[in-house]
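The values are calculated or read from the model by the stated rules, or taken from the named source; none is laboratory data. Predicted model only: the values in this text are computed from it and were never measured. Cβ placement follows ideal geometry from the backbone for every residue including glycine, while neighbour counts extend to all protein chains displayed. All accessible areas refer to the heavy atoms of the entire protein, side chains included, with ligands and DNA or RNA removed. Shrake-Rupley method; radii C 1.70, N 1.55, O 1.52, S 1.80 Å.
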Amino acid sequence: MKTPATLAPDRYGFNFDNSYLQLPAIFYKKQQPAEVKNPETVLFNDSLGIALGLNINAIKKQAAQFLSGNMPYHGADPITQAYAGHQFGHFNILGDGRAILLGEHITPNKQRFDIQLKGAGRTPYSRSGDGRAALGPMLREYIISEAMYALGISTTRSLAVITTGENVYRDDAFPGAVLTRVASSHIRVGTFQFAAATQNLQHMQALADYTIHRHFPEIAEAENKYLEFLTRVIDLQASLIAKWMHVGFIHGVMNTDNMSICGETLDYGPCAFINTYHPETVFSSIDTNGRYAFGNQPKIAHWNLIRLAETLLPLIHDSEKKSILLASECLDKFPNKFLAFWLAGVRKKLGIFNQETDDLRLAEDLLMYMQKNTADFTNTFRSLGTEAINSAEISQDAGFRNWLELWKARLSRQNEPFTESIKLMHTANPKVIPRNHLVEDALNAAVNDGNMIILNDLLLAVSDPYADLNLPPKYTQAPELLFDQQYKTYCGT
Ligand code: AMP
Ligand code: MG
């Protein structure tokens, strides 16, 4: 990798490097974004731009041209990345069919971020796709990824959405758009599967060494760095999925190509948040068997990590048998690691500071009462310990009222006073999430009427989700039960 100090930012503050070009050429293809007819900026993320060290005033003037793909990039060498993936359990060779990596931006404090244009035109990996993206799904990715960031969940972020002035055709004509995605990297489980599929161990080793150097430099000298690498990815995913479960997030399409190695939530397609608690909740129109249902996510993450481990076997040990043994030992720890992360987060959600063996049972019982009473996941957690829980419908259940007593008794068995528990709970139980009906309202107004007010208001509401702000009630009210029963999300590809 080039040393960041040798780079000079352009007038927008972009400071591009492209270390990915050091990989064997099979991992990418050079590709310029396609020109678009009439680009217009509909969203620009000032605070992210500032965090990246960009020259906000300069870039905002030119964002439409620059971030639509219409301008040449100083110092950048755009590429499109190869990868493979298990899609709903079926292996395919894939690649960026509609995304172009402008380069890796090095921030003033020397952090490295991929700057990717999603919807930037056809690439050698497009297969039958048009390489384009529709405005709705790009706005959706912007809203949800920024909400996830505000919730404190590791995620790719969104710098801008630019409309192209051209239509894209799905089941109808929609305005086209390009999203600027910012990621610690776009290296996926599927990138490793692509390397393995080349059946060339040098490719595999090059990718593994590159990834370790980029994301886990501290393990470069470890005794078995590839096994250590697997362990790191397992830990990151166990922590990430636990956080999804803490806020009711359903990714919707946890294919191995949509699982990031560095533990960021990646690819916001048919994702959604649960309202009422039920582990079998599925909103994605294409997930007919519920493979990616809310409660299945830890299991699927484990399955995906096994696919990653398979690709690493030849690197872990010369003896395949020994390799499988070592990798299996790591993989078998995933369920308990996930549970530990999940329980640690749920203790916070319940205001618990110390540990008792029955805490898991206490948490599971609460979920059981929520499910039984079709209670709202977010609002039930947020209202625990306040007056609001007494007037909530779930409190008509005597079992739940008994649970409340057990919970209060549990809180009394720690040193911290109740007021401290409430403070802790307010850092872990969001007041606002981007509820599906709010997201749909915002997208409808933006796409159908060109009205961005509702969307911008929603972005503001979800930007500080744990604070006790006096927001209009619509941001915290759960929708009618029927809404969730009929709600479907689409990939929007
Ligand atoms: P996704 O469902 O967005 O994760 O995409 C799955 C695969 O389909 C990836 O290889 C994408 O690059 C590709 N793809 C999605 N949409 C398009 C499109 N409009 N044109 C070309 N390829 C696409
Ligand atoms: Mg994808």
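A compact table of results
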{"item": "Residue, most open to solvent (accessible area, probe 1.4 Å), within region 457-473, restricted to residues that are of a type in the set (A, V, I, L, M, F, W, C) and out of contact with any helix residue (DSSP H, G or I) (no Cβ under 7 Å at 6 or more places or on another chain)", "result": "Leu460"}
{"item": "Among (1) open to solvent by 10 Å² or more (accessible area, probe 1.4 Å); (2) hydroxyl-bearing (Ser, Thr, Tyr); (3) in contact with a Lys or Arg (Cβ under 9 Å, 6 or more places away or on another chain), the one test that Ser185 misses", "result": "(1)"}
{"item": "Subset of region 346-381 (residues that are part of a loop (DSSP other than H, G, I, E, B), among the acidic types (Asp, Glu) and under 17 Å from Leu424 (Cβ atoms))", "result": "Glu356"}
{"item": "Arg401 vs. criteria within 27 Å of Val462 (Cα to Cα), part of a helix (DSSP H, G or I) and at pLDDT 95 or above", "result": "no"}
{"item": "Residue that is assigned by TED's automatic domain parsing to the domain that holds His246, under 29 Å from the mean Cα position of the chain (by Cα) and either modelled with pLDDT of 95 or more or aromatic (Phe, Trp, Tyr) (or both), where the choices are Asp376, Asp332", "result": "Asp332"}
{"item": "Qualifying positions in region 82-118 - surrounded by 22 or more Cβ atoms within 10 Å (Cβ to Cβ) and in contact with a His (Cβ under 6 Å, 6 or more places away or on another chain)", "result": "Ile115"}
{"item": "Selected residue (criterion: farthest from Thr427 (Cα to Cα)) from residues of region 232-250 that are open to solvent by 30 Å² or more (accessible area, probe 1.4 Å) and more than 14 Å from the chain's Cα centre (by Cα)", "result": "Arg232"}
{"item": "Residues (polar (S, T, N, Q) and either surrounded by 20 or more Cβ atoms within 10 Å (Cβ to Cβ) or in a helix (DSSP H, G or I) (or both)) located in region 119-135", "result": "Thr123"}
{"item": "Any hit, region 459-469, residues being under 23 Å from the mean Cα position of the chain (by Cα), of a type outside the set (Gly, Ala, Ser) and within 16 Å of ligand 2 (Cβ to nearest atom)", "result": "no"}
{"item": "Given (1) of a type in the set (A, V, I, L, M); (2) within 16 Å of ligand 2 (Cβ to nearest atom); (3) more than 25 Å from Asn92 (Cα to Cα), index of the condition Met245 fails", "result": "(2)"}
{"item": "Where a residue in region 181-202 is among the aromatic types (Phe, Trp, Tyr) and its partner, wherever it lies, is open to solvent by 10 Å² or more (accessible area, probe 1.4 Å) and assigned to a loop (DSSP other than H, G, I, E, B), with Cβ under 6 Å and at least six apart", "result": "Phe194/Tyr83"}
{"item": "All positions within region 122-133 that are near ligand 1 (Cβ under 9 Å from one of its atoms) and in contact (Cβ under 8 Å) with a residue 60 or more places away in the chain", "result": "Arg122, Thr123, Tyr125, Gly129, Gly131, Ala133"}
{"item": "Hits in region 258-311 (condition: among the polar types (S, T, N, Q), away from ligand 2 (no atom under 16 Å from the Cβ), farther than 26 Å from Glu329 by Cβ and surrounded by 19 or more Cβ atoms within 10 Å (Cβ to Cβ))", "result": "Asn275, Thr276, Thr281"}
{"item": "Qualifying residue in region 467-479 (condition: more than 21 Å from Phe44 (Cα to Cα), in contact with a strand residue (DSSP E or B) (Cβ under 8 Å, 6 or more places away or on another chain) and not assigned by TED's automatic domain parsing to the domain that holds Thr163)", "result": "yes"}
{"item": "Only listed residue being within 16 Å of ligand 2 (Cβ to nearest atom) and not polar (S, T, N, Q), chosen from Gly103, Gly131", "result": "Gly131"}
{"item": "Qualifying residues in region 141-187 (those that are within 12 Å of ligand 1 (Cβ to nearest atom) and among the basic types (Lys, Arg)) - the one farthest from His251 (Cα to Cα)", "result": "Arg170"}
{"item": "Lone qualifier among Met148, Met138 - being crowded, with 22+ Cβ neighbours inside 10 Å and touching a Leu at 6+ places or on another chain (Cβ under 7 Å)", "result": "Met138"}
